[in-house]
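Just below is one structure, and these are the notes that go with it.
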Amino acid sequence: MNTRSQTPIPNVDDTTGEYATFARVQVDRWRDGQRETVEDVVAEEVPIALEYNGISHAVMMATPADLEDFALGFSLTEGILASPGELYECDIVPGCEGVQVQMRIATERFVALKEKRRNLTGRTGCGLCGAETLEQAVRHPQAVQGGAGFTVAQVHAAFEQMQAGQQLQQATGATHAAAWMDAAGRIVLVREDVGRHNALDKLIGALAEEKTDFSQGAAIITSRASYEMVQKAATVGIGFIAAVSAPTALAIRLAEETDVTLLGFVRKQGHVVYARPHRLR
């Protein structure tokens, strides 16, 4: 007998008509050996198919919000596009099994994309699935030019400011965030997602749409600083990354190579500088 659920993915908020970013479920909560049946709030996770000129390139598990930002940011940080102007159209098309993001891009970029012969199927937080060669797995962006500097106090204050903008995390406890700290040390934009790479791509896409100068700010992230996070930031010219958790050795080497200031374990008690400390005052 077929017991497969026919519940549409993604869920749609009946009030707003937008994709729901969370769901309410009944759970048994146990505390001190006692059971209580309560309502819980959990984050939505949806397959997002990224298509370029009619060809599917990547399927990523993501939070179904800010998908235009995600599409543009992913396209830039993965080197598919060199500038936001090369994305001509972006349509969000819901389906029973997920969401299609249909993009029309410049012909020369589409030709280059086809030559890469890549077809990613990404799980949450996976940035390498589908890479066919070692060269594709580890890209080496050009070194970041210039970059704003920040004080230790500004960095720590930014993490506190970012928390106020993490509404989905506050409700579900299941999402990462990436925030932009401008040259004055203020958090001006926050994006959330169940995947840390997705949150950063959404942030970069939103900033690119606003023609932000990526050298005049910093990316603040709630995850570990894996090499993909450094790679994505360096690709668009972000020279300062501060993470709440640890980096990897490869992330540190890539930060040194691309002149990215990299901080980890940014907590109330302190932080660790792993690469290029010259932007930290």
Revision key, fill the gap. When Val266 is run through (1) open to solvent by less than 40 Å² (accessible area, probe 1.4 Å); (2) more than 19 Å from Glu192 (Cα to Cα); (3) outside any helix (DSSP H, G or I), the failure sits at (2)
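Looking only at segment 245-263, decide whether some residue is under 20 Å from Thr175 (Cβ atoms), outside any helix (DSSP H, G or I) and in contact with a helix residue (DSSP H, G or I) (Cβ under 6 Å, 6 or more places away or on another chain).
So in segment 245-263, the residues under 20 Å from Thr175 (Cβ atoms) come out as 245-246.
From what is left, the residues that are outside any helix (DSSP H, G or I) are 245-246.
Retained after the next criterion (residues that are in contact with a helix residue (DSSP H, G or I) (Cβ under 6 Å, 6 or more places away or on another chain)): none.
No: segment 245-263 contains no residue that is under 20 Å from Thr175 (Cβ atoms), outside any helix (DSSP H, G or I) and in contact with a helix residue (DSSP H, G or I) (Cβ under 6 Å, 6 or more places away or on another chain).
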Review point. Inside segment 41-70, can you point out the residues that are in a helix (DSSP H, G or I), surrounded by fewer than 24 Cβ atoms within 10 Å (Cβ to Cβ) and touching a residue at least 60 places away in the same chain (Cβ under 8 Å)?
Key: Glu68, Asp69
Review point. Condition test on Gln100, is it open to solvent by 70 Å² or more (accessible area, probe 1.4 Å) and within 21 Å of the chain's Cα centre (by Cα)?
Key: yes
Practice item. State whether one or more residues within segment 71-86 are outside any helix (DSSP H, G or I), under 21 Å from Gln167 (Cα atoms) and open to solvent by less than 60 Å² (accessible area, probe 1.4 Å). Key: no
Check your understanding: If the Cβ limit is 8 Å and pairs must be 6+ apart or interchain, which residue in segment 8-21 that is under 16 Å from Gln100 (Cα atoms) and at pLDDT below 65 pairs with which residue that is of a type outside the set (Val, Ile, Thr) and exposed (fewer than 12 other Cβ atoms within 10 Å of the Cβ)?
Key -> Pro8/Cys96
**Study point:** Condition broken by Ala233, with the remaining ones in (1) in contact with a Lys or Arg (Cβ under 9 Å, 6 or more places away or on another chain); (2) buried (at least 21 other Cβ atoms within 10 Å of the Cβ) satisfied
**Key:** (1)
Review point. Can you name the number of the only condition in (1) more than 18 Å from Val144 (Cβ to Cβ); (2) free of Cβ contacts under 8 Å to residues at least 24 places away in the same chain; (3) not β-branched (Val, Ile, Thr) that Glu256 fails?
Key: (1)
Exercise for review: Determine which single condition Asp91 fails, assuming it passes every other condition in (1) open to solvent by 70 Å² or more (accessible area, probe 1.4 Å); (2) over 20 Å from the mean Cα position of the chain (by Cα).
Suggested key: (2)
**Study point:** Matching residues, segment 236-253, being touching a residue at least 24 places away in the same chain (Cβ under 8 Å) and open to solvent by less than 10 Å² (accessible area, probe 1.4 Å)
**Key:** Ile238, Gly239, Phe240, Ala242, Ala251
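Which is open to solvent by 50 Å² or more (accessible area, probe 1.4 Å), farther than 22 Å from Pro84 by Cα, assigned to a helix (DSSP H, G or I) and at pLDDT 95 or above, of Gln161, Gln154? Give the derivation first.
On the way: Gln154 fails: open to solvent by 50 Å² or more (accessible area, probe 1.4 Å).
Only one candidate passes the filter, namely Gln161.
In the set Tyr227, Tyr274, which member is in contact (Cβ under 8 Å) with a residue 24 or more places away in the chain, in contact with a strand residue (DSSP E or B) (Cβ under 6 Å, 6 or more places away or on another chain) and over 24 Å from Gly165 (Cα atoms)? Working first, answer last.
Numbers: Tyr227 fails: in contact with a strand residue (DSSP E or B) (Cβ under 6 Å, 6 or more places away or on another chain).
Of the residues listed, the single one that is in contact (Cβ under 8 Å) with a residue 24 or more places away in the chain, in contact with a strand residue (DSSP E or B) (Cβ under 6 Å, 6 or more places away or on another chain) and over 24 Å from Gly165 (Cα atoms) is Tyr274.
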Point to revise | Subset of segment 181-222 [crowded, with 19+ Cβ neighbours inside 10 Å, in contact (Cβ under 8 Å) with a residue 60 or more places away in the chain and part of a loop (DSSP other than H, G, I, E, B)] | key: Val194, Gly195, Thr222
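The values are calculated or read from the model by the stated rules, or taken from the named source; none is laboratory data. Please read these numbers as outputs of a predicted model, since none were measured by experiment. Glycine also receives a Cβ, built like all others from the backbone with ideal geometry; neighbour counts cover every protein chain displayed. Side chains are part of the model used for accessible areas, which takes the heavy atoms of the whole protein and leaves out ligands, DNA and RNA. Shrake-Rupley method; radii C 1.70, N 1.55, O 1.52, S 1.80 Å.
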